[in-house]
Amino acid sequence: MLAKKNLELNPSHPTIKTLLELVKANDGTLSEEKLEYIDLMYNMALINSGFSMDEPSELTAPLERLIRVGFNVDREEPCEEIEVELDEPEQQPEDEEIDMGDDEPEIINLNDEL
Amino acid sequence: MRLAKLLRFYTTDESEEMTSLDDYISRMKDDQDTIMYLPGDSLAQIQKSPILKKYIASGYEVLLMADPIDEFTVQHLAEYEKKKVKSIAKDDVNVFGNDDQAKEKQKKLKEMYKPLTDFFKQHLGKRVEKVSISNKLVDEPLFIFTSQYGYSAQMEKINKHQAMAN
């Protein structure tokens, strides 16, 4: 059995005020994007009100797109692999000695330090 | 329920100590006829609940029920010492705006916001039972209260977990 949910809107909240104007101006038809924000608001209210969400991605996927808006990235821009220029692999002679460094390892004499 | 006298709860009172219902009543505001509580998962979480703000700011004390058994206990306690006992997460607690002026204002706001409440109702469909204009919110754009008849958010959660365990 589920709880009966009564949604209450805050008439003093700037977002709610804006939404009222938006709905009036568009005769109740909002874009997909706006509807997604409204669902996001609803899901946030669910969590704030102590409910648990069955499907966390319903919250995180729209949030990810919203973060893009915050960073001025296109909401729909797909991920694209970055082309990286690779250096031509050099042919190495097979029996070349590997240079381990000529320097003598530095020996720290603890007595000197003291 | 004779044992009700022995119940102790944390509260929004600054003391940080648990209180009895009798002590709570002794501190109630003159216009207050309801013992109010708020259930949740933990004390820290309940204290941050968006709906507590207005009660605290208006000087009302609310009992904080962080133990799952708390709510099951008090829901059988509709009244105590002739005071109603109610959760502020339910939609039937109304301590704000009971004077005529506030009621008139609320009516006007309701009319003004009708296009938006209609829109939300139509868009959310079966997800909600009702959409209305609140006089209980401070900073949040919206909040979901539960009907006085039926499950609370907390009970719905416990119920879901039990269903999964079976």
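The values are calculated or read from the model by the stated rules, or taken from the named source; none is laboratory data. None of these values were measured; they are calculated from a predicted model. Positions of Cβ are generated from backbone atoms using ideal geometry, with glycine treated the same way; all protein chains shown enter the neighbour counts. Heavy atoms of the whole protein, side chains included, go into the accessibility calculation; ligands, DNA and RNA do not. Shrake-Rupley method; radii C 1.70, N 1.55, O 1.52, S 1.80 Å.
General observations
- Helix B:114-124 axis, angle to chain B major axis (alpha carbon atoms, nearest 10°): 70
- Taking all protein chains together, A:Asp54, B:Asp33 sort by accessible area into A:Asp54, B:Asp33, largest first [probe 1.4 Å].
- All aspartates and glutamates inside 14 Å of B:Lys108 as judged from Cα atoms, apart from same-chain residues fewer than 8 positions distant: B:Asp100
- Estimated inter-spin distance, B:Lys53 and A:Glu88, nm [label 7 Å along Cα→Cβ]: 6.6
- With both labels modelled 7 Å from their Cα along Cα-to-Cβ, the A:Met53 to A:Asp39 distance reads 1.1 nm.
- Other protein chain Cβ atoms within 10 Å, averaged over every residue that makes up B:147-153: 4
- Neighbouring Cβ atoms from other chains, within 10 Å of the Cβ of residues in A:31-43, number 2 on average.
- Segment B:1-121: C-alpha gyration tensor shape, a/c 1.5 cut-off, then a/b vs b/c: prolate
- Contour minus Cα-Cα distance for B:Asp67 and B:Leu6 (0.36 nm per residue): 20.4 nm
- Environment charge of B:Asp139, counting only residues whose C-beta is closer than 13 Å and scoring Lys/Arg +1, Asp/Glu -1: +3
- Per residue of peptide A:45-55, the mean number of Cβ atoms on other chains within 10 Å of the residue Cβ is 6.
- DSSP bridge pairs, segment B:15-158: antiparallel proportion in percent, nearest 5: 20
- Dipole magnitude for segment B:85-166: about 220 debye, using +1 per Lys or Arg Cβ and -1 per Asp or Glu Cβ, origin at the Cα centre.
- Only helices enter the 222 nm calculation for the protein assembly as shown: every DSSP H run of n ≥ 4 contributes -39,500 (n - 2.57), and dividing by all residues gives -11500 deg cm²/dmol, rounded to 500.
- Local electrostatic count at B:Ile88 - Lys and Arg +1, Asp and Glu -1, tallied over other residues with Cβ under 13 Å: +1
- The distance separating the Cα centre of segment B:23-41 from that of segment B:81-104 comes to 11 Å.
- Which of B:Lys48, B:Lys29, B:Lys107 is most accessible, then next, and so on - probe 1.4 Å: B:Lys48, B:Lys107, B:Lys29
- Violating pairs (Cα-Cα greater than 32 angstrom) within the set B:Lys5/B:Lys107; B:Lys84/B:Lys160; A:Lys24/B:Lys29; B:Lys107/B:Lys160; B:Lys5/B:Lys130; B:Lys105/B:Lys160: B:Lys5/B:Lys107; A:Lys24/B:Lys29; B:Lys107/B:Lys160; B:Lys5/B:Lys130; B:Lys105/B:Lys160
- Heavy atoms of A:Ser52 accessible to a 1.4 Å probe, total area in Å² rounded to 10: 40
- Beta bridges from DSSP with both residues in the protein assembly as shown: antiparallel share about 50 percent, rounded to the nearest 5.
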